[in-house]
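Student: Below is one structure. I have some questions about it.
Since every read-out is calculated from the coordinates, none of them should be taken as a lab result. Worth saying up front: this structure is predicted, and the values here are computed from it rather than measured. No Cβ is skipped: glycine too gets one built from the backbone with ideal geometry, and neighbour counts run over all protein chains shown.
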Amino acid sequence: MKKNRNTPIGMGKREFRKSGYQLIDQIAHFIDSIREQPVTTGESPGALQQILGNELLPEEGSPANEILSRAASLLFNHSLYNGHPKFFGYITSSPAPIGALGDLLAATVNPNAGANILSPMATEIEKQTIKWLASMIGYSTPCGGILVSGGNMANFTAFLAARTAKGPKTIKEEGIANDSQKMLVYCSTTTHTWIDKAAVLFGLGTRSIRWIGTAGDQKMNNQLLEQTIMEDLEKGYHPLMVIGTAGDVSTGVVDDLEGIAMICKKYDLWFHIDGAYGIPAAVVPELQPLFSGIEQADSIALDPHKWLYAPLEAGCTLVKDPNHLTATFSSHPVYYNFSHDEEPETLNFYEYGFQNSRGFRALKVWLSLQQAGRKGYIEMIREDIQLAGLLYKLARKHHELEAVTNHLSITTFRFVPAGSSERKNREAYLNKLNEALLNELQKGGELFLSNAVVNGKYCLRACIVNFRTSKKDIEEVIDIVVRNGHRVSETLLKEKSS
Ligand SMILES: *Cc1c(COP(=O)(O)O)cnc(C)c1O
């Protein structure tokens with residue numbers, strides 16, 4: 001062997017600079033011209049496979065700059081861009097460019113943020129990020145938390161902390177099979193599907209979910225919630241937790257959190273808030289009353305990769321008393337030499353959650369919190385909400401659109417062509433028409449919406465978590481939807497008559 005190793009995967013300074021500058025130039029151009037691209041190319045998987053080719057695993061290596069350049073061109077020309085100013089689908093934000101640079105830096109240093117000793121500064125930055133996130137939403141308790149990959153994982157982490165805290169005392173040793181009283185969790189019918197997954201994965205089963213109906217305002221009916229809890233207690237069941245939603249995924253409604261907090265206190269239940277989408281809006285002063293009660297939550301899930309514009313992936317669990325996380329996730333194998341340091345500040349994040357080795361996902365969040373500051377976030381979130389309000393207003397004014405809901409930055413509406421009021425089976429026809437319209441719009445590349453079903457109406461849904469969207473973009477949404485709506489309704493009519 002040579003004295004100095006020269007490996008095919010290492011990169012000298014010259015080569016790194018050459019490949020790196022070339023890539024950064026391409027990225028800068030991409031960001032600058034994203035508005036001129038279609039939101040998506042709408043190519044089929046088959047077409048994409050042809051473009052990608054099906055070469056076997058290469059036997060020989062290739063120069064870094066060449067493969068990076070090809071990767072950039074494949075991605076820049078054949079992707080769906082959620083950074084496009086007219087991307088409003090599901091809840092995926094435009095990614096903050098500083099987050100992309102942060103990920104590059106994080107990957108370069110590559111701290112393993114599972115153990116303090118392996119990630120000294122990264123662990124401190126993650127702790128600070130968690131404090132800042134809590135402060136941003138007004139969760140002003142000396143809480144702790146952990147960054148995870150997204151909202152589902154953030155909710156799972158909290159769900160398990162609640163199960164340890166409120167479940168049978170022997171749950172860690174005996175598992176849940178030994179529980180003679182059935183454990184139950186309570187949430188509204190608008191709750192995101194993570195709860196089904198959690199009930200299946202963590203042994204409670206889906207029958208342990210008590211789905212509480214909503215009142216006319218789409219918020220969880222807290223009276224019904226309390227009544228259900230009382231009945232379950234009488235039957236000898238074991239209520240564990242209530243999940244309040246701060247911004248439901250379909251229409252953005254925030255539950256009456258204060259009311260839920262009171263019920264949880266009364267019956268000694270864990271109060272969890274799923275704020276994956278909406279809770280960052282609590283930073284906006286005039287919206288704070290909508291979120292009152294969050295300071296009483298035992299845990300909160302939020303999702304920096306949604307309304308804080310972090311690139312995927314970044315979710316966060318906040319827990320009022322982080323000892324519940326350690327009680328749930330910590331164990332000490334003999335080969336771990338991480339805890340000899342008895343300094344009280346020492347925190348090993350592997351003891352707080354699912355992961356063992358962990359990437360440094362806090363960095364991109366920490367950077368963007370500083371780049372924009374609290375004021376910057378207030379302004380961006382407020383404007384996203386105003387734009388959703390504008391879309392609602394324009395839809396209401398348009399004679400062929402029906403504005404259906406508008407909460408936080410989510411607006412639902414539908415296309416109602418002239419003359420459709422005389423049709424038989426009007427509602428069924430409109431549902432079919434709007435579904436066909438959505439499918440066309442999603443492939444067309446002019447904009448990207450998703451759908452919501454509101455009181456039986458199939459609606460188009462725009463969720464604006466997009467710092468690139470302007471007033472002009474919203475005005476254009478109206479024209480695009482109506483123009484495509486006419487085309488799709490003509491096609492449907494032709495299909496019917498042929
Ligand atoms: C998006 C969302 C989730 C799931 O979050 P992921 O980041 O997609 O895992 C959970 N709950 C709510 C309310 C959401 O909006």
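Student: Convex hull over the Cα atoms of region 1-53, averaged projected area in nm²? Intermediate values should be presented prior to the final figure.
Tutor: On the way: hull surface 26.0 nm².
With the hull built on Cα positions only, its mean projection is 6.5 nm².
Student: Distance check, please: which entries in LYS131/LYS457; LYS375/LYS472; LYS265/LYS375 exceed 32 angstrom between their Cα atoms? Walk me through the numbers before you get to the answer.
Tutor: Values: LYS131/LYS457 41 Å; LYS375/LYS472 24 Å; LYS265/LYS375 34 Å.
Checking Cα-Cα distances, LYS131/LYS457; LYS265/LYS375 exceed 32 Å.
Student: P(r) tail for region 273-324, what percent of Cα pairs lie past 18 Å?
Tutor: On the way: 440 of 1326 pairs.
Every Cα pair in region 273-324 considered, those over 18 Å come to 33 percent.
Student: Please list, in order along region 409-421, the HN-Hα scalar couplings obtained from phi with the Karplus expression 6.51 cos²θ - 1.76 cosθ + 1.60 (θ = phi - 60°), rounded to whole Hz, x for Gly and Pro.
Tutor: 3J(HN,Hα) across region 409-421, in whole Hz: 9, 10, 10, 10, 7, 8, 8, 10, x, 3, x, 6, 5.
Student: Could you list the trypsin sites (Lys or Arg not before Pro) in region 95-171 that lie in coil according to DSSP, counting only those with at most 13 other Cβ atoms within 10 Å of their Cβ?
Tutor: LYS169
Student: Using alpha carbons only, what's the Rg to Rh ratio of the chain with Rh from Kirkwood? Kindly include the intermediate steps, with their values, before the conclusion.
Tutor: On the way: Rg = 25.0 Å, Rh = 25.0 Å.
Radius of gyration over Kirkwood radius for the chain works out to 1.00.
Student: Okay, moving on. For the chain, what is the calculated [θ] at 222 nm in deg cm²/dmol (nearest 500), taking -39500 (n - 2.57) for each run of four or more DSSP H residues and dividing by its residue count? All intermediate terms of the calculation are to be shown ahead of the outcome.
Tutor: On the way: 14 runs with 215 residues, N = 498.
Theoretical 222 nm ellipticity from helices: -14000 deg cm²/dmol.
Student: Can you pull the Rg over Rh of region 49-113, Cα-only, Kirkwood? Let's see the in-between values first.
Tutor: On the way: Rg = 15.9 Å, Rh = 15.1 Å.
In region 49-113, Rg relative to Rh is 1.05.
Student: What are the semi-axes of the equivalent ellipsoid for region 375-497, taken as the square roots of 5 times the Cα gyration tensor eigenvalues, largest first, in whole Å?
Tutor: On the way: eigenvalues 151, 40, 27 Å².
Working from the Cα gyration tensor, I get semi-axes of 28, 14, 12 Å.
Student: Under a plain spin-label model, where a point goes 7 Å from the Cα along Cα-to-Cβ, how far apart in nm are ALA428 and TRP132?
Tutor: Distance between label points: 5.5 nm.
Student: Take the cross-link list LYS320/LYS364; LYS432/LYS471; LYS266/LYS306; LYS166/LYS320; LYS197/LYS219; LYS127/LYS306 and give me the ones stretching past 26 Å between alpha-carbons. Mind dumping the intermediate values first?
Tutor: Details: LYS320/LYS364 24 Å; LYS432/LYS471 30 Å; LYS266/LYS306 33 Å; LYS166/LYS320 15 Å; LYS197/LYS219 22 Å; LYS127/LYS306 20 Å.
Beyond 26 Å: LYS432/LYS471; LYS266/LYS306.
Student: I would also like to ask the following. LYS472 to TYR267: extension gain in nm, 0.36 nm per residue of separation minus the Cα-Cα distance? Walk me through the intermediate numbers first.
Tutor: Numbers: separation 205, 0.36 × 205 = 73.80 nm, distance 5.04 nm.
Gain on extension, LYS472 to TYR267, equals 68.8 nm.
Student: Further question: Once you treat every alpha carbon in region 202-361 as an equal point and sum by Debye, what is log10 I(q)/I(0) at q = 0.10, 0.14 Å⁻¹?
Tutor: Scattering profile of region 202-361, log10 relative to I(0): -0.47, -0.86.
Student: Is the C-alpha gyration tensor of region 1-143 telling us rounded, prolate or oblate? Criteria: a/c under 1.5 is rounded; beyond that, a/b larger than b/c is prolate, otherwise oblate. Provide the component values of the computation, followed by the final result.
Tutor: On the way: a/c = 2.21, a/b = 1.13, b/c = 1.96.
Since a/c reaches 1.5 but b/c is at least a/b, the shape of region 1-143 is classed as oblate.
Student: Hey, another quick one. In the calculated pair distance distribution of region 179-295, what percentage of Cα-Cα distances lie above 16 Å?
Tutor: Details: 3959 of 6786 pairs.
The calculated P(r) of region 179-295 puts 58 percent of pairs beyond 16 Å.
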